[in-house]
Each structure stands twice: as structure tokens, then as C-alpha cells.
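Contents: one structure, followed by commentary.
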Number of protein chains: 2
Amino acid sequence: MKSSPAKDTMAIAVRDKMRADILGARLKPGQRLMFAELSERYGVSVGVTREALTWLSSQGLVKATAHQGYMVTPLTMAELDALTEARLLIESEVLKLSIRNGDTEWEGLIIAAHHVLSRTPSSAEGSDPNDDAAQDAWAEAHAAYHEALLSACGNPRLMQIVRTLSEEAALYRRWSISLGHINHQAAAEHRALLEHCLAREPEEAAEALRQHVSHTRQMLMEYITEAQ
Amino acid sequence: MKSSPAKDTMAIAVRDKMRADILGARLKPGQRLMFAELSERYGVSVGVTREALTWLSSQGLVKATAHQGYMVTPLTMAELDALTEARLLIESEVLKLSIRNGDTEWEGLIIAAHHVLSRTPSSAEGSDPNDDAAQDAWAEAHAAYHEALLSACGNPRLMQIVRTLSEEAALYRRWSISLGHINHQAAAEHRALLEHCLAREPEEAAEALRQHVSHTRQMLMEYITEAQ
DNA sequence: AACCATTGCATATTCGAATGTATTGATAAC
DNA sequence: GTTATCAATACATTCGAATATGCAATGGTT
């Protein structure tokens with residue numbers, strides 16, 4: 001038995017923890033990220049913190065300004081618009097691809113993911129919007145379902161792009177929910193999406209996905225307008 | 001007149017120099033990147049080198065393996081396939097968007113960019129494939145043209161994604177050319193693309209772009225097969 | 001009062017040394 | 001002859017201190 005098969009670096013660990021903290025609403029959009037504070041929080045030196053921040057900024061979760069440090073990417077209307085449009089355009093195409101390539105195993109995958117999601121209480125179904133653990137669980141199930149839908153596209157590159165975009169969208173969703181905004185139709189939309197995929201109707205499925213993303217955007221816009 | 005308007009950090013400067021060195025064929029795909037060597041080459045400490053590499057690895061130009069360092073991303077058939085498919089799917093859609101949104105100013109932009117490209121000698125037109133300066137110039141004009149075509153899409157996010165993909169594709173093109181592979185139809189394809197854009201024919205333009213990208217892929221495949 | 005320069009402070013950035021991890025090559029055991 | 005063990009080396013990783021930069025407050029000048 002090997003003692004340590006493949007240990008990650010501290011920087012990777014910190015980057016992941018930090019990503020989780022941002023996505024988990026423990027670090028607020030627009031909040032300044034100072035090295036002294038972060039280094040103590042994660043128990044590492046500034047160099048490691050810096051490397052983690054560099055990575056996250058390249059992924060768009062934090063924003064860097066030379067000689068002025070880092071902050072959690074602020075949520076803005078313009079960014080939400082661009083993000084939504086990019087998702088509409090890319091995800092709908094990738095979904096079509098996935099439906100065409102998907103085999104029976106894939107069908108099983110999306111049915112399973114949908115089942116888990118449908119059994120995970122969302123804020124629309126009465127879970128407390130301020131219960132972080134509950135929201136984390138739903139966000140994870142939601143991300144897993146969307147990823148499963150696209151997973152049969154067979155292109156790691158496309159998956160990576162979609163994942164990056166989805167992650168940022170999850171950030172908007174998270175903060176929107178914590179303010180009480182809820183997409184009551186989400187569950188129905190998820191189900192419709194599943195049906196179209198299983199029926200092998202690429203165009204209809206893509207349209208359903210577009211509806212879902214657009215609708216989510218609408219809800220988030222209310223949040224930003226309200227939160228300023 | 002301000003004395004120092006906005007100085008970048010060393011890490012940013014090194015990252016850009018390194019990107020240029022990779023894209024400029026001065027660092028070979030698969031080549032190991034060692035800190036001692038790089039730090040001396042760019043005249044900075046290992047910390048800065050590390051930050052630059054972290055960024056580049058997130059963009060896919062270099063590959064990181066924990067505790068084993070970094071290397072220039074190796075060129076593989078599988079990667080080329082995924083990359084090409086992603087470009088086909090995304091760029092054609094973004095192009096349609098760009099054509100729909102583009103105004104007269106945009107038309108001027110793409111005409112200008114095409115003019116520059118057409119006047120920059122490519123290896124297909126007799127420039128020496130081993131003349132790095134000449135190849136850099138053509139690659140830059142080529143990238144500028146493709147970027148101009150899509151620039152009217154009005155979505156910084158999409159532009160950023162396309163840029164990342166294009167940059168990596170340029171890496172394949174660069175090495176393919178240096179081995180004597182030449183896309184003789186490129187100039188004609190670029191012209192056809194321009195015509196369709198000016199005529200406001202989104203579908204035809206997108207198809208022309210798909211042709212162009214596919215054709216380029218074909219040429220690069222020969223390179224990889226040959227170079228192993 | 002409004003504007004510009006200066007100083008002091010908080011913080012980001014950079015460095016070089018200290019530490020930890022993989023790999024290589026040699027030697028011993030099977 | 002093959003596999004296992006163990007140094008020795010080369011290197012990536014991490015640290016904490018040293019430096020440079022931006023910002024806010026202060027004081028002086030028009």
C-alpha cells in the first residue's frame with residue numbers, strides 16, 4: 001500500500017476551498033480579498049494564496065486589479081446578460097450534440113441525476129433559503145443534472161467551457177435565492193427537459209433549455225435590480 | 001501627463017512574454033518548463049514564474065502536473081479534434097450573431113482587417129516557413145481578422161472564449177506550418193467569408209467558416225500524424 | 001477656498017532561502 | 001535475471017521577510 005499516492009499541492013487545495021466558499025456564499029460578490037486575512041483563514045503563506053487567486057481570476061470567479069488586489073467578482077446586470085447569452089448559445093448546441101451522441105447508458109445517467117435533483121428540496125419546495133447546507137446540496141444536484149444532460153457530447157473541451165459558465169451562473173442563482181427569489185417553474189422545466197432528451201428531440205430539448213436559462217435570468221435580474 | 005498611468009505586475013508581463021514564446025514557436029509543445037531556467041530567462045524570481053505558469057495552465061497553453069512541474073501543452077490528435085469541434089460549434093454561432101448585430105462601422109473593420117491579412121505574405125504565398133518574424137506577422141493578422149469578424153456579437157464573454165480557443169488553434173497551425181504544411185485555399189476562404197458577411201448572409205457565412213476551420217483541421221492532422 | 005505636493009500607512013508584489021516530493025541509480029535480496 | 005530497498009540528486013513547492021506601490025491625510029501654495 002502506497003503511503004501517499006498523489007497529493008495535491010496546497011495551492012490546489014486552497015483554490016478549491018476558496019471556490020467552495022465563493023459558491024457557498026461565504027464570500028460575498030464585490031468583497032475585497034486581502035492576502036493577510038486569506039492566508040490566515042486557510043493556514044498558508046501569501047504565495048499560495050496568490051496562486052489560488054490567480055487561478056480563480058482566470059476562471060472569472062474573482063477579479064484582479066494590478067497593485068490593488070483581488071475581489072470576488074461583483075454581480076452586474078451587464079455580466080449576467082453576457083453570461084446568459086453565452087449559455088443560451090453554447091449549451092443549447094451542446095445539448096443537441098449530446099442527444100445525438102447519447103446512448104442508453106447516458107439515458108440512465110440523466111434519469112438518475114434528475115431523480116436525485118427532484119428529491120433534493122429546493123427553496124421553491126420549502127427549504128430555508130438561509131440554510132447553507134440545504135442550498136449547497138441543491139446547487140450540487142442541480143449542477144450535476146445539467147452536466148449529465150450535456151455529458152454525452154463527447155467533448156471534454158466543450159464540457160469545460162460549459163462548466164465554467166455554469167459555475168458563474170450558480171453564483172448569481174445562489175445570491176438571488178438567499179434574497180428570497182425563487183424559480184417556481186424550475187422543477188417543471190427540468191422534467192420537460194428530461195422528457196425531450198429521452199424522446200430524442202434535439203430541437204425541442206434545446207428550446208426547453210433556452211426557456212429554462214432565460215427564465216432563470218429573468219429571476220436573477222430582479223435580484224440585481226433590488227440589491228444594487 | 002501622468003508619469004506612470006498603470007504599470008502591470010511582473011507576473012502579467014512574464015505571462016504575456018511566455019505566451020508569445022509559446023505561440024511564436026520558441027517553446028516547443030511537450031517541452032518541460034523548469035523554474036530555474038525560466039526565472040533566469042525572464043529575469044524574475046520563481047514565484048513570479050509560477051504565477052505566470054498558473055495562469056497559462058488555466059488557459060490551456062501549458063499543462064501542470066502536481067509535484068512534477070509544467071510543460072508546454074502537447075499537441076495531440078484527440079485535443080485537435082475536440083478543439084476543432086468546439087470551434088465549429090461556437091464560432092459559427094457567434095458569427096451569425098455578429099452578422100446580425102454588425103453595423104456599418106463593423107463592416108469597415110472587417111474590410112480593413114481582411115485587407116491587412118491579404119497583404120501579409122503567408123507561407124502559402126512564398127514567405128519562409130522558418131522566418132519567425134514573418135510567421136508571427138501573419139499569425140497576428142490572421143487572428144485579428146477572425147476576431148474582427150466576430151467582434152460585433154457584442155458579448156465580451158463569448159469573445160473571450162473564442163479567443164482562448166483560437167489561440168490554441170494557432171499553436172497547432174504554427175507548428176504545422178513550420179513543417180511545410182500549407183493551406184493553399186486559406187486566402188480564398190477568407191475572401192468568401194468576407195463576402196458573405198458584407199452580403200449579410202449568416203447561414204452561408206457560418207458554413208464558410210465551418211469549411212475553413214474543418215479544412216484547417218485536415219491540414220493539421222497530417223502534421224500530427226507525421227510528427228508523432 | 002481650491003489645488004498640488006508630500007508624507008505616512010496599509011497593502012500588494014517580489015525575492016531568495018528553506019522545505020518537501022519525485023526520480024534516478026546503485027546495491028542487496030529473492 | 002528480476003524485484004525490492006535505499007540513498008542521493010534534482011526539482012517543485014512553500015514560506016516569511018524585503019520591497020514597491022497606491023491611497024488617504026496633511027500641510028503648504030496660489
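Quick notes on this structure:
- Two-decimal Rg/Rh across the protein assembly as shown, once Rg and the Kirkwood Rh are taken from alpha-carbon atoms: 0.97
- For B:Leu33, the residues 5 or more places off, or on other chains, whose built amide H falls under 5 Å of its own are B:Tyr70, B:Met71, B:Val72.
- Two-site FRET efficiency, B:Val46 against B:Thr76, from Cβ-Cβ distance with R₀ of 35 Å, rounded to 0.05: 0.75
- In whole percents, the pair-distance distribution calculated for segment B:10-72 from its alpha-carbon pairs, binned every 5 Å from zero, is 4, 20, 34, 30, 11, 0.
- Computed from the alpha carbon atoms alone, the convex hull of chain B holds 147 Å³ per residue.
- Per-residue extension of 0.36 nm, minus the Cα-Cα distance of A:Asp128 and A:Gln68, leaves a gain of 17.9 nm for this segment.
- Average beta carbon contacts from partner chains per residue of A:151-158, 10 Å cutoff: 5
- Karplus-based coupling profile of segment A:168-185, in residue order and whole Hz: 5, 4, 4, 5, 4, 4, 4, 6, 4, 5, 5, 9, x, 7, 9, 8, 6, 8, with θ = phi - 60° in 6.51 cos²θ - 1.76 cosθ + 1.60 and x standing for Gly or Pro.
- Take A:Leu179, push a point 7 Å out from Cα through the beta-carbon direction, and compare it with the same point in every other copy: 5.4 nm, smallest first.
- Figure legend: label point modelled 7 angstrom from the Cα of B:Gln185 along Cα→Cβ; no residues of segment B:138-170 have amide N under 16 Å from it.
- In straight-distance terms, cross-link reach from A:Lys63 covers every one of the aspartates and glutamates whose alpha-carbon lies under 16 Å from its own, apart from those fewer than eight places away in the same chain; here that gives A:Asp21, A:Glu51, A:Glu79, A:Glu167, A:Glu168, B:Asp8, B:Glu51.
- Applying 0.36 nm per residue to the separation of B:Gln218 and B:Glu167 and subtracting their alpha-carbon distance, the gain on full extension is 16.6 nm.
- Placing a label point 7 Å from Cα along the Cα-to-Cβ direction at A:Ala199 gives distances to the equivalent points in the other copies of 3.8 nm, listed shortest first.
- Virtual spin-label span in nm between A:Arg200 and B:Gln160, 7 Å along Cα→Cβ: 3.9 nm
- Rounded to whole numbers, the Karplus 3J(HN,Hα) couplings from phi for segment B:47-64 are x, 5, 4, 4, 4, 4, 5, 4, 5, 4, 5, 5, 8, x, 7, 10, 10, 10 Hz, using 6.51 cos²θ - 1.76 cosθ + 1.60 with θ = phi - 60°, and x at Gly and Pro.
- Farthest positive-ward along chain A dipole, Cα basis, beta-carbon charges - from A:Thr54, A:Ile99, A:His190: A:Thr54
- Those lysines that a straight Cα-Cα span of less than 25 Å connects to B:Lys96, excepting residues fewer than 8 apart in one chain: A:Lys96
- Sum of side-chain charges, A:His212 neighbourhood, beta-carbon under 14 Å (Lys, Arg +1; Asp, Glu -1): 0
- For chain A, the longest principal axis of the Cα atoms and the long axis of helix A:77-101 meet at an angle of about 50 degrees.
None of the figures in this text is laboratory data; all of them are computed from the coordinates on show. This is a predicted model, so every value here is computed, not measured. We place every Cβ from the backbone using ideal geometry, glycine too, and count neighbours over all the protein chains shown.
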